Amino acid sequence: MKPLRESWQGAERWVDRFNALRAAGHANACPDVLRSELDGLLADIVAHHHNKAAARALRNLQGGTPQPAAIAHDMVRLHDWISTR
């Protein structure tokens, strides 16, 4: 998974946070901390997104298990979601 670039107006802070999470994951950060940060990022995006269907897709990723594989899977899905915007 490559670092994200800003793909839509106003997403810079989310892209920066995503890239920081990605780097922390590569540095083997604590899974509980990664899950918490990922859930916070998802909550912020959902709160500011006006498309209910798109927001629902992200809301479904929140609250997952802090297992490294689950975090990686959710980050890939978020990466795909952001990069298509």
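Points to keep in mind about this one:
- Single residue of the range 49-67 satisfying the filter (more than 13 Å from the chain's Cα centre (by Cα) and touching a residue at least 24 places away in the same chain (Cβ under 8 Å)) that is nearest to T84 (Cα to Cα): A54
- Within the range 17-46, the set of residues being more than 16 Å from R85 (Cβ to Cβ) and out of contact with any Pro (no Cβ under 9 Å at 6 or more places or on another chain) comprises A20, L21, A24, H26, A27, A29, E37, L38, D39, G40, A43.
- All positions within the range 68-85 that are modelled with pLDDT of 85 or more, more than 11 Å from the chain's Cα centre (by Cα) and either among the aromatic types (F, W, Y) or exposed (fewer than 13 other Cβ atoms within 10 Å of the Cβ) (or both): A69
- Looking across the range 26-48, the residues that are farther than 15 Å from T65 by Cα, of a type outside the set (A, V, I, L, M, F, W, C) and more than 11 Å from the chain's Cα centre (by Cα) come down to H26, N28, H48.
- Residue list for the range 14-48, restricted to those being in contact (Cβ under 8 Å) with a residue 60 or more places away in the chain and more than 13 Å from R77 (Cβ to Cβ): W14, V15
- Considered as a group, the residues in the range 14-54 that are out of contact with any Asp or Glu (no Cβ under 8 Å at 6 or more places or on another chain) and charged (D, E, K, R) include one that is modelled with the lowest pLDDT, and that residue is K52.
The values are calculated or read from the model by the stated rules, or taken from the named source; none is laboratory data. If you're wondering where the values come from, they're calculated on a predicted model, not measured in any experiment. Cβ atoms come from the backbone with ideal geometry, glycine included; neighbour counts cover every protein chain shown.
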